[in-house]
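> My questions all concern the structure below.
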Amino acid sequence: MDYWICTTCGTQFTLSQIPPQACPICSDKRQYIGYEGQKWTTLAAMQSGDSHNVFKEYEPGLTGIGTEPTFAIGQRALLLQTDQGNILWDCITYLDDDTVAVIQQRGGLKAIAISHPHFYTSMVEWAEQFDAPIYLHEANRRWVMRPSERITFWSGETHHLWNGVTLLRLGGHFPGGTVLYWPQGADGKGVLLSGDIIQVVADRRWVSFMYSYPNLIPLPADKVLRIRETIEPYQFERLYGAWWERVVAQDAHQAVMRSAERYIQALDHVPST
Ligand SMILES: [Zn+2]
Ligand SMILES: [Zn+2]
C-alpha cells in the first residue's frame, strides 16, 4: 500500500495497493499527461533519490521553497511568517527532514492555504507533519485526491485567517481559484500571493489570466472582469506568482488593473483576417 504520486503534476493520491488508473488532474483539459505516459512515484522513492528543497528569502517574512532537481510542474511554495503564526501558501510535493527542520526553526506552520489543485501536491503530508489545517475553496473540492480531516473547505468570496491575511476567491483558472492578500507585506504597502490565478508573464510589469496555461486556453472577458473587480479594493505593491522569478516587484495593483483591461480589449478586437 502506498500514497502514489503523479510525476507530471506532483499530486499525491489516497492509499492504494497499485497506482491509480489515471490522474484526473492531468487528464483534465487544463493539464496534460507526460510525453512518456502516466508515471507514478512515492515520497519514499523521492527521498532516497537526489531531490532536495531550496529556500530563498524574497523579503522579510516571505521565503520561497522549491525542489531541485525540478519536479512535476516546478511548483514553488511560499512560507509567510506573521506575528500570530506562519502560513504555507501553495504547496510542493517533496518533503524531507531537512525541510521540516528549516520550517520548525522559523516557528512551524499554523495553516496551509492553496490557490488551486495544481498545487495540492502532497499537502496532507505537510499538514500531518506540522499539525496544521489546510484551507481550500469548496468549489475545488472534487480535485482533492487524498481526502483528510485536516482539510477545511471554505466558501463564499473571502476567508480571513489572522493579522489581516485574507484568502480571496477570484475563480478563472479554476472555479475556486484563490489568492492570498498580505497587507503588511512590502513594508506595509501590501502583497498579493497569486499562484497562477493571476499569472505573472515574461514582461514582469504585466500579468495574464488563463483557463489553461500549458494548453493556451484563454478565459472569457466576463471572468477576467470579475477578477479585476474583486481585486480592485485591495492595495498591494508587489505580487508573487506561481514560480520563482514570476514576481511583479512594484506597482502590482496597477499592473493587474491595466493587464485585465488589455486582455479584455484583445478579446474584443480579434483581427478579422
Ligand atoms: Zn497528474
Ligand atoms: Zn494551474
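> With runs of 4+ DSSP H residues as the only contributors, calculate the mean residue ellipticity of the chain at 222 nm using -39,500 (n - 2.57) per run, divided by the residue total and rounded to the nearest 500. All intermediate terms of the calculation are to be shown ahead of the outcome.
On the way: 7 runs with 58 residues, N = 273.
Helix-only estimate at 222 nm: -6000 deg cm²/dmol.
> Oh, and also: Please go through region 231-272 and write out the GluC sites (Glu not before Pro) that DSSP classes as loop and that have at most 13 other C-beta atoms within 10 Å.
Those that pass, being in a loop and sparsely packed, are E245.
> Positive end of the charge dipole of the chain (Lys, Arg +1 and Asp, Glu -1 on Cβ, about the Cα centre): tell me which of Y211, L225, I5 has its Cα farthest that way.
L225
> What number comes out for accessible area per residue over the chain if the probe is 1.4 Å? Units Å², please. Working shown, then result.
Working: 12080 Å² over 273 residues.
Dividing the accessible area of the chain by its residue count gives 44 Å².
> A further question follows. Carbon and sulfur atoms: what percent of the 1.4 Å accessible area of region 1-100 do they account for?
Here it works out to 50 percent.
> Each label point is 7 Å from the Cα along the Cα-to-Cβ direction; what then is the distance between the points at H52 and V201, in nm?
A separation of 3.8 nm, rounded to one decimal place.
> Roughly how many percent of the accessible protein surface of region 188-273 is carbon and sulfur, given a 1.4 Å probe and a whole-percent answer?
Numbers: 2320 of 4400 Å².
Roughly 53 percent of what the probe reaches on region 188-273 is carbon or sulfur.
> Tally the DSSP beta bridges in region 33-138 and give the antiparallel ones as a percent, rounded to 5.
75
> Using alpha-carbon positions, what is the distance between the centroids of region 78-107 and region 163-229, in Å?
Cα centroid to Cα centroid, the span is 22 Å.
> Given the options I112, I73, I65, state which has the largest fluctuation in a GNM of the chain using a 10 Å cut-off (strictly under) for Cα springs.
With Cα springs under 10 Å in the chain, the top fluctuation among I112, I73, I65 is at I73.
> Within region 86-174, which chymotrypsin sites (Phe, Trp or Tyr not before Pro) sit in a loop by DSSP and count at most 16 neighbouring Cβ atoms inside 10 Å?
Of the chymotrypsin sites (Phe, Trp or Tyr not before Pro), the ones in loops of region 86-174 whose Cβ has at most 16 other Cβ atoms within 10 Å are W162.
> Using the Karplus curve 6.51 cos²θ - 1.76 cosθ + 1.60 with θ = phi - 60°, what ³J(HN,Hα) values do you get for each residue of region 119-134, in whole Hz, with x for Gly and Pro?
10, 5, 6, 10, 3, 5, 4, 5, 4, 5, 4, 9, 6, 10, x, 10
> Work out from phi, with θ = phi - 60° and the Karplus expression 6.51 cos²θ - 1.76 cosθ + 1.60, the ³J(HN,Hα) of each residue of region 252-268, listed in order in whole Hz, and give x for Gly and Pro.
Karplus values, whole Hz, x for Gly and Pro: 5, 4, 4, 4, 5, 4, 6, 5, 5, 5, 4, 5, 5, 4, 4, 5, 6.
> While we're here: Quick one: length gained pulling Q81 to A266 fully straight, 0.36 nm per residue minus the C-alpha distance?
That works out to 62.7 nm of additional length.
The values are calculated or read from the model by the stated rules, or taken from the named source; none is laboratory data. Note that the coordinates shown come from a computational prediction; the quantities given were computed from them, not determined experimentally. Neighbour counts are summed over all protein chains in view; Cβ atoms, including those assigned to glycine, are modelled from backbone coordinates with ideal geometry. Protein only, heavy atoms only, side chains kept; ligands, DNA and RNA dropped before computing areas. Shrake-Rupley method; radii C 1.70, N 1.55, O 1.52, S 1.80 Å.
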